[in-house]
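Let me begin by presenting the structure, written as C-alpha cells, before commenting on it.
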Amino acid sequence: MAVRVKPGSSRVGVGGDHDGALVIRVAARAVDGKATEAALRALAEALGIRRSAVSLVTGASSRAKVVDVVSPDVPESELLERFFALRADRHR
C-alpha cells in the first residue's frame with residue numbers, strides 16, 4: 001500500500017489521496033524515524049488492526065512510503081476495502 005506522510009501536521013489524521021497514495025498526517029517531526037513510526041501507528045489504528053500488522057517496505061527517509069499490511073484477524077479483501085475508503089475520505 002502506498003502512503004504519503006505529512007510530518008509536523010497540526011491536523012492529525014488518516015484520509016485523502018495524494019497521487020494514488022493514502023495521506024497520513026502526524027504531529028511528529030521527521031527526525032530519527034519518529035514521523036514514520038507515528039504514521040504506521042496511525043494507519044494501524046485507522047484500519048482497526050494491531051500495530052504489529054503494519055510494516056514499512058520502502059521509504060524510511062521519504063514522505064512517500066510503501067507499507068505492507070498483513071493481519072491474521074482481518075481478510076485481505078476487507079483491509080483493501082478499508083484502505084480505499086480512507087483514501088477516498090478527504091475529511092479525516
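The values are calculated or read from the model by the stated rules, or taken from the named source; none is laboratory data. This structure is a prediction, so every number in the text was calculated from the model and none was measured. Every residue, glycine among them, receives a Cβ derived from its backbone with ideal geometry; neighbour counts consider all protein chains shown.
Tabulated values for the structure
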| read-out | value |
| --- | --- |
| Boolean, Leu79 is closer than 20 Å to Gly20 by Cβ and in a helix (DSSP H, G or I) | yes |
| Filter pass, Val3 being part of a strand (DSSP E or B) and surrounded by 13 or more Cβ atoms within 10 Å (Cβ to Cβ) | yes |
| Subset of region 25-63 (residues that are β-branched (Val, Ile, Thr) and surrounded by 19 or more Cβ atoms within 10 Å (Cβ to Cβ)) | Val26, Thr36, Ile49, Val54 |
| Residue under evaluation Val67, criteria (1) modelled with pLDDT under 95; (2) not in a helix (DSSP H, G or I), criterion not met | (1) |
| Any pair with Cβ under 8 angstrom, 6 or more apart, that starts in region 29-56 at a residue that is assigned to a loop (DSSP other than H, G, I, E, B) and ends at one that is β-branched (Val, Ile, Thr) and surrounded by fewer than 19 Cβ atoms within 10 Å (Cβ to Cβ) | Gly48/Val74; Ile49/Val74 |
| Enumeration of residues in region 82-92 that are part of a loop (DSSP other than H, G, I, E, B) and surrounded by 12 or more Cβ atoms within 10 Å (Cβ to Cβ) | Asp89, Arg92 |
| Matching entry among Val66, Val12 (being touching a Ser or Thr at 6+ places or on another chain (Cβ under 6 Å), surrounded by fewer than 17 Cβ atoms within 10 Å (Cβ to Cβ) and among the hydrophobic types (A, V, I, L, M, F, W, C)) | Val66 |
